[in-house]
Amino acid sequence: MNVSEAPFAAIDFESAGTAPGLTDEPIQIAVAHWTDGAPGIVLNSYLRPSRPVTWSAREVHGIDDAKLQAAPRLLDIWPEVRTALGGRWIVAHGAATEKRFLRVFPLHGFGPWIDTLTLVRAVYPDLDSHALGEACTALGLAAGLESTPGFRWHDAASDAMASLALLRHIVEASGIASEPAQILLSPRLRGYFKSRRPASPQG
């Protein structure tokens, strides 16, 4: 299977935030697939945590406790998560958080995992920031994303769509659509992409 044939599903979580004595918990999950030439949301749900959202987390994503009172627990929506992610290559920007929250489903078997943070660092090492929003802005992707109705950075659905858009840009800019999909998993991406990446948009 080459890169252009791989079925991708991007996932993003927003969280309740960390504080002394509090374990972080997910409060929103979203999954996007690439369909009909554009990313589309196939799962988007608030999640009810076992404790309040921290002030600092609310300042980032704007999700307060009132929005979560009637939300399901992550375990409650396992069938929807399995349908959205099963049999697909999983995409996330800084995938550690998504992997950690999905551990609530033991032996779920989702993957392979593609981390767009690793990819954008490899292809565009000179960007001022490789955070999702900043990278998309520097690469000229933000305007198109932000024109989508309801799009808002640090919203799980919006960030999942942005991760897919960033992956597609990297694939096209690097000319690897016909390469085996495993190229996206390589730990030596910097060496592979060095001869293929275009000039940095900041250069």
Specify which of the listed residues (Ala143, Ala157, Ala162) is in contact with a Leu (Cβ under 6 Å, 6 or more places away or on another chain), in a helix (DSSP H, G or I) and either surrounded by fewer than 20 Cβ atoms within 10 Å (Cβ to Cβ) or not hydroxyl-bearing (Ser, Thr, Tyr) (or both).
Ala162
Picking from Ala38, Ala10, Ala84, Ala96, which residue would you name as being of a type outside the set (Phe, Trp, Tyr), under 28 Å from Ser129 (Cβ atoms) and buried (at least 17 other Cβ atoms within 10 Å of the Cβ)?
Ala10
I'd like the full set of residues that are of a type in the set (Gly, Ala, Ser) and within 16 Å of Ser163 (Cβ to Cβ), limited to the stretch 106-138.
Gly111, Ala122, Ser129, Ala131, Gly133, Ala135, Ala138
Odd one out for Ala142, checked against (1) in contact (Cβ under 8 Å) with a residue 60 or more places away in the chain; (2) more than 20 Å from His33 (Cβ to Cβ); (3) of a type outside the set (S, T, N, Q):
(1)
Residues that are modelled with pLDDT of 95 or more and within 28 Å of Asp76 (Cβ to Cβ): does the stretch 133-152 have at least one?
no
Scan of the stretch 75-93 for residues that are over 14 Å from Arg168 (Cα atoms) and not in a loop (DSSP other than H, G, I, E, B), ordered by number
Leu75, Asp76, Ile77, Trp78, Pro79, Glu80, Val81, Arg82, Thr83, Ala84, Leu85
Kindly list, by first and then second residue, each pair from a residue in the stretch 1-20 that is within 16 Å of Thr97 (Cα to Cα) to a residue that is surrounded by 13 or more Cβ atoms within 10 Å (Cβ to Cβ) and aromatic (Phe, Trp, Tyr), limited to pairs with Cβ atoms under 7 Å and residues at least 6 apart or on different chains.
Phe13/Phe101
Subset of the stretch 111-140 (residues that are in a loop (DSSP other than H, G, I, E, B), surrounded by fewer than 18 Cβ atoms within 10 Å (Cβ to Cβ) and out of contact with any Pro (no Cβ under 7 Å at 6 or more places or on another chain)):
Gly111, Pro112, Pro125, Asp126, Asp128, Ser129, Ala131
Top-ranked residue of the stretch 60-74 - restricted to ones that are part of a helix (DSSP H, G or I) and within 19 Å of the chain's Cα centre (by Cα), ranked as surrounded by the fewest Cβ atoms within 10 Å (Cβ to Cβ)
Val60
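The values are calculated or read from the model by the stated rules, or taken from the named source; none is laboratory data. Bear in mind the structure is a predicted one, so any value in this text is a computation, not a measurement. Note that we place each Cβ from the backbone using ideal geometry, even for glycine, and neighbour counts take in every protein chain shown.
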